[in-house]
Amino acid sequence: MAEIEVASEVEDVLHHKQVARDARPYPSPTYAWYVVAVFVIAYTFSFIDRQILSLLVGPMKRDLHITDTEMSLLQGLAFAAFYTIMGLPIGRLVDRRNRIGIISLGVFFWSLMTALCGTAKVYWQLFAYRIGVGVGEAALSPAAYSVISDYFPPKRLGIAIGVYGMGVYIGAGLALVIGAEVIGFVARSGDLNLPLLGHLYAWQIVFFIVGLPGLLIALWVRTVREPERRGHMRREIGPDGVERDSEVPLADVIAYLKDNAGSFLGMNLCFAFLAMMAYGTAAWIPTFLVRTYGWDVVEAGRWYGWIIVIFGTAGVVAGGAIGDFVCSKGYRNGRIIVMAATGLVTLPFAIAFPLVDDPMMALALLAPASFFATFTTGVGPSALQEMMPNQMRGFAAALSGLIVNFIGLGLGPTSIALVTDFVFKDEMMLRYSLAAVPPVILLIGAAFGFYSLKPYLKSLDYLERWSSRNEKSL
C-alpha cells in the first residue's frame, strides 16, 4: 500500500510539473514569426530547386534524347524515392538532436546537388544528382514542423504551419516566374563554354543560378535559436531526484503509430492523393500550355507561376486558418474535415481547366483549383503534430512525408505521363490526360479523409492517456 501511495505521489508531482511546463510562456511572437519567415525562405528555395524541371521539359528532352516518362522520373521518382526513404532516419534524429543544425545541413546539401545538376552530361548523371536533391530536402520539413510546434501554442499552430507551407507555392511559382525569365535571358545569350565544365546548354546554366544562392540560406538558418521542447513528452525522475526528458525508443514510436494506424494512415493517404493531383498537374501545366495553345515556355511560366504564387499561397494560409477556426468551434477533428472536403471542392475546377479552348479561361479555372487544392498543406501537417507526442513528431512527420511524397510526388507526374504515352499515345493529347487522371485521384483522397474522421478523435484521446502513463519515474 505504501508503494502505491509513493507511486501515486510521484505521478501527481510529475502531472503538476507537466501542467507547469505547458503553462510556460512561449517564445516572443515576433521572434517566432521571424523563425517561420526564415523557414519559408528555405522552403521556397527547396521548391524552386525541386520544380524548375517543369519549365525545362522541351530542351532537356531534346538534348538528352529522353521521353515524357523518363522526364517525369526526374521530376518525381528520382527525387521522391530518396526524399521519402532518407526522411525516416533524419526524422529520428529530429526527435533526439539539434533540429536547426539538421535543417542547415540539409539546405546546404540540396543546394549543392541542384548546382551539380548543371554539370550533368548524360541522363544517369542528372538522375543521380536529383537523388541528392531529394536527400537534402528530406531534412527540412520534419525538423521545421517540430520547431514551429515548440514556438507556437496549439491554437495558433495551423496558421503558423500554413504560413510555413507558403514556401511550397511561393517556391513553385517563382520557379516558373524566375525560371522563365532566366531561360529567356540564357536562351538569348546562347550556350556557354566554361573552363573545366566545357560546353553547357542553356538549361544547365539555370541549375547554377537557382542552386548556388541556397548555400547562403544554409548559413542564415544556422543562426536561428533551437527552442525548448514542450507539450506531451516522456519524463523521468532519475536516481538523483532530478526530472529530465526520457528518450523514447524507436520500438515505442512504432508501437504508438501502430495503435493509431487508422487515423495516421487515413489522414496521410488523404493528404497523399490530394498531393498526387497537385504535383501531377503542376509538373505538366507549363507543357500543357505550350502544346495545347502554342505558347512559348517563357509565357507559360510567367502566367502559371503567378497563379501559383498568388492563389497557392493564399490557399495554404486560408486552409490553416480555417482548420484552426473549425477546431475552435469544438470540432476536435476540424483540420481533418477541412482536408477531406478539399478534394471535393477542387474537383470541378480540375476537370474543367484542361478542356476549354481559350487559354485565358483555362488559367481562370486554374486559379480556384490552385487555391482549394493547397488547403491540405496547412491542415495536414498541423493535424499530425497535434496527435503525436513531442518526442515522436519528427519521425511521424518523416513517415508521413514518405507516404505523401512517394505517392504524391513519386507517382503524380508519372501517372499523367503514362496515360499520355501509353493510352493516348500522342503527346498532343496531354490535355485529356490532365482532365482524366486528377479527378479520380481527388475522389480517392477525399474518401480516405472522411474515413479518418472518427479514428482521429480516438487518437487525440489516446494521446492524453499516453501522456498520463508516461509522466512517471522509469
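The values are calculated or read from the model by the stated rules, or taken from the named source; none is laboratory data. Since the structure is predicted, the reported quantities are computational estimates derived from the model, not experimental observations. Cβ placement follows ideal geometry from the backbone for every residue including glycine, while neighbour counts extend to all protein chains displayed.
Looking at the stretch 46-81 only, could you name the residues that are β-branched (V, I, T) and over 18 Å from the mean Cα position of the chain (by Cα)?
Answer for the stretch 46-81, where residues must be β-branched (V, I, T) and over 18 Å from the mean Cα position of the chain (by Cα): V57, I66, T67, T69.
Output the residues belonging to the stretch 89-127 that are among the charged types (D, E, K, R) and over 12 Å from A143 (Cβ atoms).
If the condition is that a residue be among the charged types (D, E, K, R) and over 12 Å from A143 (Cβ atoms), then K121 is the only one that fits.
So which of L399, L411 is within 22 Å of Y304 (Cβ to Cβ) and in contact (Cβ under 8 Å) with a residue 24 or more places away in the chain?
None of the other options fit; the residue is L411.
Could you identify the single residue in I322, I307 that is assigned to a helix (DSSP H, G or I), over 20 Å from R50 (Cα atoms) and touching a helix residue (DSSP H, G or I) at 6+ places or on another chain (Cβ under 8 Å)?
It is I322.
Identify the residue in the stretch 100-119 that is out of contact with any Asp or Glu (no Cβ under 6 Å at 6 or more places or on another chain) and over 24 Å from I209 (Cα atoms) and, among all such residues, is surrounded by the most Cβ atoms within 10 Å (Cβ to Cβ).
I102
Of all residues being within 20 Å of Y279 (Cα to Cα), surrounded by 24 or more Cβ atoms within 10 Å (Cβ to Cβ) and of a type in the set (V, I, T) in the stretch 314-341, which is modelled with the highest pLDDT? Just the residue, please. Break it down into steps so the answer makes sense when it comes.
First, pick out the residues of the stretch 314-341 that are within 20 Å of Y279 (Cα to Cα): 314-320, 338-341.
Then keep just the ones that are surrounded by 24 or more Cβ atoms within 10 Å (Cβ to Cβ); that gives 315-316, 319-320, 338-340.
Within this subset, residues satisfying the condition of being of a type in the set (V, I, T) are 316, 338.
Numbers: V316: 88, V338: 95.
Ranking the candidates gives V338 first.
Is at least one residue of the stretch 396-404 under 21 Å from V248 (Cα atoms) and either of a type in the set (S, T, N, Q) or in contact with a strand residue (DSSP E or B) (Cβ under 6 Å, 6 or more places away or on another chain) (or both)?
Scanning the stretch 396-404, I find at least one residue that is under 21 Å from V248 (Cα atoms) and either of a type in the set (S, T, N, Q) or in contact with a strand residue (DSSP E or B) (Cβ under 6 Å, 6 or more places away or on another chain) (or both), so the answer is yes.
Residues that are over 30 Å from L430 (Cα atoms) and either crowded, with 18+ Cβ neighbours inside 10 Å or not aliphatic (A, V, I, L, M) (or both): does the stretch 293-306 have at least one?
Scanning the stretch 293-306, I find no residue that is over 30 Å from L430 (Cα atoms) and either crowded, with 18+ Cβ neighbours inside 10 Å or not aliphatic (A, V, I, L, M) (or both), so the answer is no.
Could you say which residue among V57, V122 is on the phi < 0 side of the Ramachandran plot and at pLDDT 80 or above?
Step by step, each of V57, V122 is checked, and only V122 is on the phi < 0 side of the Ramachandran plot and at pLDDT 80 or above.
Determine which member of the set A362, A283, A350, A300 is in contact with a Ser or Thr (Cβ under 6 Å, 6 or more places away or on another chain), in a helix (DSSP H, G or I), in contact (Cβ under 8 Å) with a residue 60 or more places away in the chain and over 18 Å from G449 (Cα atoms). Don't jump to the end; show me each part of the working.
Values: A362 fails: in contact with a Ser or Thr (Cβ under 6 Å, 6 or more places away or on another chain); A350 fails: in contact with a Ser or Thr (Cβ under 6 Å, 6 or more places away or on another chain); A300 fails: in contact with a Ser or Thr (Cβ under 6 Å, 6 or more places away or on another chain).
On inspection, the qualifying residue turns out to be A283.
I need the full set of residues from the stretch 152-176 which are over 12 Å from the mean Cα position of the chain (by Cα), part of a helix (DSSP H, G or I) and not aliphatic (A, V, I, L, M), in order please. Talk me through it step by step, then tell me what you get.
Step one: of the stretch 152-176, the residues over 12 Å from the mean Cα position of the chain (by Cα) are 152-160, 163, 170, 173-176.
Keeping just the survivors that are part of a helix (DSSP H, G or I) gives 154-160, 163, 170, 173-176.
If the condition is that a residue be over 12 Å from the mean Cα position of the chain (by Cα), part of a helix (DSSP H, G or I) and not aliphatic (A, V, I, L, M), then P154, K155, R156, G158, G173 are the ones that fit.
Where residues in the stretch 403-462 are among the basic types (K, R) and more than 21 Å from C327 (Cβ to Cβ), which of them is modelled with the lowest pLDDT?
Here is the first cut: in the stretch 403-462, the ones among the basic types (K, R) are 425, 431, 454, 458.
Narrowing the set further to residues that are more than 21 Å from C327 (Cβ to Cβ) leaves 425, 431.
Working: K425: 89, R431: 94.
The extreme case among them is K425.
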